[in-house]
């Protein structure tokens, strides 16, 4: 997030937002801007599914296209999402064994069971039996294979449906490919000619990732923002400080619309 390119992008965005605000003001229109999260600097990938596999909880199937996570045979597996991971377990004994394994995993800060999830308002019926939160500067990968020769065929492609979790490496072209853009062009040519192909140009080097999100911010100013041209006390309920509850955004937007 503090890379010079990020700072330059922020300056460009600031200019565009300024134009938007000027245009809105000229039409007597109020503007509300809301972000979901802020990006934190990270440098430590945590392979949570490998930990569960080594604990004898996660099962895989060998296939002609690599190892596939077997969710039905697994006693526990994780769906990774940046600095949060949902761990789904088969039974109470699996929950306890998964907790014990994860408590010893470097990069894990919190392990929330259902009761602890309720305290944060995240005990949704589809949430994991355990919700795991990383330490600062760490984040969770979805990787689960131990042998590079057995990595699944989707690992080096953009495939949001088969990967058990979000893969930020999909933002990159593999730096190990000598001429990555040329390879992409070749793949597109295969597609154009009607051949089967795999756009396998994505790296599996998690150390490339330098920004992530998901943890609660250590400081409010490092968290999501709520920006409005309306007075800060506009909305229901009025804020008691310079921070607001994220769950109040809906009411504030509806209040703003009712003023129109």
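The values are calculated or read from the model by the stated rules, or taken from the named source; none is laboratory data. None of these values were measured; they are calculated from a predicted model. Every residue, glycine as well, gets a Cβ built from its backbone with ideal geometry; the counts of neighbours run over all protein chains shown.
Looking only at the stretch 1-39, residues that are touching a helix residue (DSSP H, G or I) at 6+ places or on another chain (Cβ under 7 Å) and either assigned to a helix (DSSP H, G or I) or under 30 Å from residue 135 (Cβ atoms) (or both) come to 2 in all.
The residues of the stretch 128-147 that are in contact with a strand residue (DSSP E or B) (Cβ under 6 Å, 6 or more places away or on another chain) and either without any contact (Cβ under 8 Å) to a residue 40 or more places away in the chain or not in a strand (DSSP E or B) (or both), listed by number, are 128, 129, 135, 137, 141, 142, 144, 145. Filtering the stretch 150-198 to residues that are under 15 Å from the mean Cα position of the chain (by Cα) and exposed (fewer than 13 other Cβ atoms within 10 Å of the Cβ) leaves 160, 161, 171.
Of the numbered criteria (1) at pLDDT 90 or above; (2) assigned to a loop (DSSP other than H, G, I, E, B), the one residue 232 fails is (1).
Among the residues of the stretch 199-223, the ones that are modelled with pLDDT of 90 or more, out of contact with any strand residue (DSSP E or B) (no Cβ under 7 Å at 6 or more places or on another chain) and surrounded by fewer than 16 Cβ atoms within 10 Å (Cβ to Cβ) come to 5 in all. Residues of the stretch 224-250 that are within 28 Å of residue 2 (Cα to Cα), free of Cβ contacts under 8 Å to residues at least 40 places away in the same chain and buried (at least 16 other Cβ atoms within 10 Å of the Cβ): 244 alone.
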